[in-house]
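Colleague: One structure follows; several queries about it will come next.
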Amino acid sequence: MIRAGGAEPAERERRRLFAIAYRLLGTVAEAEDAVQETLLRWAQAEPGAVENPRGWLTAVLTRRCMDLLRSARARREAYVGTWLPEPLVETPDPAAEDPAERVALDESVSMAMLVVLETLSPAERAVFVLHDVFGMDFEEVAAAVGRTPAACRQLASRARRRVEARRPRFDPDPAEQRRLVTAFLEASASGDLEVLLPLLDPSVVFRADGGGRVRAAPQPVAGAERVARVLLASLRWYPEATARSVALNGGLGALVMAGGQVIAAIGVTTAEGRITEIDVVANPDKLSRLSGSAGQGGGDAGGKR
C-alpha cells in the first residue's frame, strides 16, 4: 500500500514507474534518474495531501520524462549512425501481470518497438504508453500529461496510426523465440551463410548502434542475404568473441563477450518462424551496466566466433 507523503512507495510501484519511464525514454540511466526524482518529490510531499498517490506519482514521472525527451531529441538527431535504446536485462515480476498483459508489455519494451516509439512526439509517446500499453483511461492520462481528455484521445489516435504503420511483427511464444535465437547464434558462430539464411525473414532488418565509438553499420540494412553477409562480416572483426542468450528487452537476445567485457547486446525479433529484426547495440556507453548480466540467464551461445 502506498502511504501519502514521506513514505516510499512499495517495490511493485517503483517497478511500475521504472517500466513506464524506460518505455518513454529508452535509456536505463535516465529512467532510473526520473524514478528517483519522482520518489524524492513524493518524500517531500505533505503527509496526507495526495488523494490519488498512484496518479500523482505517474503524473510527476511522466512530465519529467517528457521534459527529458524534448531535450534528447536534438542529441539524437546529431547522433553518429543509428540510435538504438539502451539494452534492458530485467527479471519480470511474475505476480505483476496476467499472461495477456505480459505479452503486451514484452512487445512494448522490445528494441524494435522502442525504435518505432522514437518517431512519436513526446506527448504522443506519453499518451500511447500510458493508455495503449499500461491501460490507463484518458482522464488519468490527461492528468498525467497536462492535456484534456479530448486532446489525449486525438494524440492517442495519431500515435496509434504511426505505430501501426511501423509496428514490428512479434512472436509471443518463448519456445519459438528460444529455438530461433539458439539457431541464429550457432549459425553466426560457425560463419555458415547457408545455415543462417533460412532463419531470416526475406524482409529482415539489421540495425547497429556504435555511437561513433566502435565500428558498426552506419545505416539499417534490409533483406535476408544482405543482412546475413553484413552480420557475418561484422562478427569477423571480433574473432575471439563469445555470446550467450539472455532475457533482453522483453524477449530473448544475446550478450557478446570479449576480454571479459560485454561488447554488444543483440535484440532479436521473431515472427512466423523467422527472424524479422536484429538490433545490435555496440556503443560502450550503453553496455557498461550489462557486464554483470553476462553470466546469467539464457544458455549456450554458440561458443567462439
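The values are calculated or read from the model by the stated rules, or taken from the named source; none is laboratory data. Worth saying up front: this structure is predicted, and the values here are computed from it rather than measured. All Cβ positions, glycine included, derive from the backbone under ideal geometry; neighbour counts span all protein chains shown.
Colleague: Specify which of the listed residues (Glu101, Glu124, Glu90) is farther than 21 Å from Leu287 by Cβ and at pLDDT below 85.
Modeller: Step by step, each of Glu101, Glu124, Glu90 is checked, and only Glu101 is farther than 21 Å from Leu287 by Cβ and at pLDDT below 85.
Colleague: Considering region 169-195 alone, what residues qualify as being under 18 Å from the mean Cα position of the chain (by Cα) and buried (at least 17 other Cβ atoms within 10 Å of the Cβ)?
Modeller: Of everything in region 169-195, those that are under 18 Å from the mean Cα position of the chain (by Cα) and buried (at least 17 other Cβ atoms within 10 Å of the Cβ) turn out to be Phe170, Asp171, Pro172, Gln177, Val181.
Colleague: Between a first residue in region 137-162 that is surrounded by 16 or more Cβ atoms within 10 Å (Cβ to Cβ) and a second residue that is among the polar types (S, T, N, Q), which pairs have beta carbons less than 7 Å apart while being 6 or more apart in sequence or on different chains?
Modeller: Pairs found: Ala142/Thr148; Ala144/Thr58; Ala144/Thr62; Val145/Thr62; Arg162/Thr119.
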